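The values are calculated or read from the model by the stated rules, or taken from the named source; none is laboratory data. The structure presented is a predicted model; accordingly, all values stated were derived computationally and were not measured. Note that we place each Cβ from the backbone using ideal geometry, even for glycine, and neighbour counts take in every protein chain shown. Calculation scope for accessible area: heavy atoms of the full protein, side chains included, ligands and nucleic acids excluded. Shrake-Rupley method; radii C 1.70, N 1.55, O 1.52, S 1.80 Å.
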Amino acid sequence: MPRVLMRMSTLFLRTLREDPAEAEVPSHKLLLRAGYIRRAAPGGYTWLPLGKRVLDKIAKVVHEEMAAIGAQEVHFPALLPREAYEQSGRWLAYGNDIFRLKDRRGADYLLAPTHEEMFALLVKDLYASYKDYPVILYQLQTKFRDEARPRAGLLRGREFLMKDSYSFDLTDEGLAESYAKHRAAYIKIFDRLGLDYTIVSAMTGAMGGSGSEEFLATAPVGEDTYVGCTQCDYAANTEAVVTPAPEPGDPTAWPPMTVHDTPDTPTIESLVALANAKKLGGRADWTAADTLKNVVLKVTPPGGEPEVLVVGLPGDREIDLRRIEAALYPATVALFDAADFAQLAERSGKPGAAQKTLVRGYIGPQLDVLASPAAQRRKKNKIRYLVDPRVVTGTSWLTGANEEGRHAVNVVAGRDFVPDGTIEAAEVRSGDPCPRCGGALALRRGIEIGHIFMLGRRFSDAFGLDALGPDGKPIRITMGSYGIGVSRLVAVIAEQHHDEKGLAWPAVVAPAHVHIVPAVGGASRPGTRNRRPNPAGADTGEGAPDHLTAALRLGEDLSAAGVDVIVDDRPGLSFGVRLTDAELIGAPWIVVVGRRLAEGLVEVRQRATGQTQDMPLGDVVGQVKQWVGQAG
């Protein structure tokens, strides 16, 4: 990127004093206020000159690290035909998350959210021999997602710039090597960008494959919740956390199941209180963790009809629909409501039968159409029943008796009910045991900045991507997919590098390394852009022209030395307004050409730390050039 000297008098920029009403998070507020972006549509933003420079510098880092692992750049269109995505099964699997459209001939297209299909077809078109492999291809391309509620500025939009790369290997060992190369490259990219991040285990979701990891930038406004172990290096997205299961017990060791009247117990808390008051089962130490609540869900596969699923989990846990959706992807999941119960009754052809079968608030797994031993033997005409991993054989529960106002005690897994399997459905909480070492987990929040996948042969199977081996037999290619949200990184860096005054960019991505603020003086030509009215008491620079002249000369010298510079040469502004804008814009170093210029000194401020020092004017270029070089 060529080094430039930007003069505020001609720079296409307007700064704002107040936070825009639509801005919710710090990065959104500051990028709008400092003149980096402007909203063009819901979830779509125009890049202004300063913002485009930051975006391009981030892209430069990405390009460099992709080149370092031997990746080759290509570029696909964003408007793609339906056929490839239908062949992979993702035309339906994406549901409402993608933009679909028809051309004038009625042919279906989509605005691509990702390009696995097209990369696989491209390689199939051009490569045929095992000698052609391995290969890594990548692009920086605009992607589209039909977000239901775009928010948080660049963090969750409908249009965004993404780096997506794809590896193609002959063997699983080759895929593992390509995956490791990308993982190392991502670490270098995010380290160079000055980000605080964590690598976590993640679900594969729409991408499929055998495994994936997310790179999550630490941020209080992050939409991703993940866990980190306080005693080892385990970290995982909450959707990917594996619940350690207790050892199974002897289901015959418990007393027989008994049913009790439990009126007015609409909540777990009220049930526990009554159970202790009545000493149900001969005990008065019941807790919510001893109860088994059963949640009815409606699961809808892509293009299919809704199915009923009941999930059993300890009563002290809330159900987490995001974890369930991750486990059941690509199906969508919703809680059953009164209308759903009514429709279930209507479909059964026996009015009232569904209510007698699934009594809201009093459902127990020992029901004959749910998970009783008889139901499991019969298999037909039963509702699928999955349980939390803590519900193992030999555990005994207080749960619904499938009658209004009644609950059952000593309902034992493996004796009174046999689930169809397990599912990670319960919320993950701080203090839960680490699945690796048993230590305590801590909940944290982050923003996804990168995601890497071992796709395996899902897409090569879909498109018949083979290479002819040395023995003349076909070898099915194995793939990896690796994404970075390039435009999102602008907002993420802003989230991690700001204070109450404004942005504080790392030098490697800053739109300018140095912002020069003359204490007095300014451009005086008519029609100057970015001009503000002269506030009361502002020094227009009359009688003190040396400050602006010295500032412009210093800016030219810095630019000639390879440093990006902004000089505030706007007329009619006070020093306070200029300095406030400089702090808002966030260049790493602010140079004030002020009262000690006559002594040959200027003030240099480090934006991130606030540290200041007086420096001889003749030393500034060399010192700043050294700082910029050290910053990478």
- Message: Test of understanding: among Ala277, Ala342, Ala334, Ala338, which residue is more than 30 Å from Asn96 (Cα to Cα), among the aliphatic types (A, V, I, L, M) and surrounded by fewer than 18 Cβ atoms within 10 Å (Cβ to Cβ)?
- Response: Ala277
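Say whether the condition of being polar (S, T, N, Q), touching a helix residue (DSSP H, G or I) at 6+ places or on another chain (Cβ under 9 Å) and not in a loop (DSSP other than H, G, I, E, B) is met by at least one residue in the stretch 29-46. Steps first, please.
Residues of the stretch 29-46 polar (S, T, N, Q): 46.
Okay, now just the ones that are also touching a helix residue (DSSP H, G or I) at 6+ places or on another chain (Cβ under 9 Å), so none.
Checked the stretch 29-46: no residue is polar (S, T, N, Q), touching a helix residue (DSSP H, G or I) at 6+ places or on another chain (Cβ under 9 Å) and not in a loop (DSSP other than H, G, I, E, B).
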- Item | Close pairs from the stretch 196-209: first of a type in the set (Asp, Glu), partner open to solvent by 40 Å² or more (accessible area, probe 1.4 Å) and modelled with pLDDT of 65 or more, Cβ under 7 Å, at least 6 apart | Asp196/Thr218; Asp196/Gln496
- Give the residues of the stretch 579-616 that are at pLDDT below 95 and part of a helix (DSSP H, G or I), sorted by residue number. Leu597, Ala598, Glu599
- Any residue at all in the stretch 379-393 that is under 25 Å from Tyr329 (Cβ atoms) and touching a Phe, Trp or Tyr at 6+ places or on another chain (Cβ under 8 Å)? yes
- Message: Please determine whether any residue of the stretch 5-23 is part of a loop (DSSP other than H, G, I, E, B) and aromatic (Phe, Trp, Tyr).
- Response: yes
- Can you name every residue in the stretch 62-104 that is open to solvent by 90 Å² or more (accessible area, probe 1.4 Å) and either touching a Cys at 6+ places or on another chain (Cβ under 7 Å) or within 17 Å of Phe459 (Cα to Cα) (or both)? Glu83, Glu86, Gln87, Leu92
- Go through the stretch 618-632 and give me each residue that's more than 39 Å from the chain's Cα centre (by Cα) and either under 16 Å from His515 (Cβ atoms) or open to solvent by 60 Å² or more (accessible area, probe 1.4 Å) (or both). Gly618, Asp619, Val620, Val621
- Residues of the stretch 450-486 being part of a loop (DSSP other than H, G, I, E, B) and open to solvent by less than 10 Å² (accessible area, probe 1.4 Å), in sequence order, are Leu465, Gly469, Ile477
- Item | Subset of the stretch 270-307 [in contact with a helix residue (DSSP H, G or I) (Cβ under 7 Å, 6 or more places away or on another chain) and either of a type in the set (Val, Ile, Thr) or in a helix (DSSP H, G or I) (or both)] | Val272, Thr287, Ala288, Thr291, Val299
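Taking Val369, is it touching a Ser or Thr at 6+ places or on another chain (Cβ under 9 Å) and at pLDDT 95 or above?
Details: touching a Ser or Thr at 6+ places or on another chain (Cβ under 9 Å): yes; at pLDDT 95 or above: no.
Taking the combined requirement at face value, the residue does not satisfy it.
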- Query: Looking at the stretch 108-119, which of its residues are touching a strand residue (DSSP E or B) at 6+ places or on another chain (Cβ under 7 Å) and either open to solvent by less than 50 Å² (accessible area, probe 1.4 Å) or closer than 14 Å to Tyr166 by Cβ (or both)?
  - Reply: Asp108, Leu110, Leu111, Ala112, Pro113, Thr114, His115, Glu116, Met118, Phe119
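With the requirement that a residue be aliphatic (A, V, I, L, M) and open to solvent by 60 Å² or more (accessible area, probe 1.4 Å), what does the stretch 378-417 give you?
Within the stretch 378-417, the subset aliphatic (A, V, I, L, M) is 383, 386-387, 391-392, 398, 401, 408-409, 411-413.
The answer is none; no residue qualifies.
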- Query: Looking only at residues in the stretch 579-610 that are touching a strand residue (DSSP E or B) at 6+ places or on another chain (Cβ under 8 Å) and farther than 20 Å from Ile566 by Cβ, which one is most open to solvent (accessible area, probe 1.4 Å)?
  - Reply: Arg596
- Note on the structure: Going through (1) under 27 Å from Pro256 (Cβ atoms); (2) open to solvent by less than 60 Å² (accessible area, probe 1.4 Å); (3) out of contact with any His (no Cβ under 6 Å at 6 or more places or on another chain) one by one, Ile447 fails only at (1)
- Item | Evaluation of Thr46 against (1) β-branched (Val, Ile, Thr); (2) surrounded by 13 or more Cβ atoms within 10 Å (Cβ to Cβ); (3) within 17 Å of Leu154 (Cβ to Cβ) (one fails), failing number | (2)
- Task: Report, by residue number, each residue of the stretch 135-190 that is in contact with a Pro (Cβ under 7 Å, 6 or more places away or on another chain), under 27 Å from Trp47 (Cβ atoms) and open to solvent by less than 50 Å² (accessible area, probe 1.4 Å).
- Result: Lys143, Phe144, Pro150, Gly157
- Among the residues of the stretch 75-113, count how many are free of Cβ contacts under 8 Å to residues at least 60 places away in the same chain, of a type outside the set (A, V, I, L, M, F, W, C) and in a loop (DSSP other than H, G, I, E, B). 6
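When you look at Lys163, is it at pLDDT 95 or above, of a type in the set (Lys, Arg) and under 27 Å from Lys52 (Cβ atoms), yes or no? Write out each step before concluding.
Numbers: at pLDDT 95 or above: yes; of a type in the set (Lys, Arg): yes; under 27 Å from Lys52 (Cβ atoms): yes.
So Lys163 fits the description; yes.
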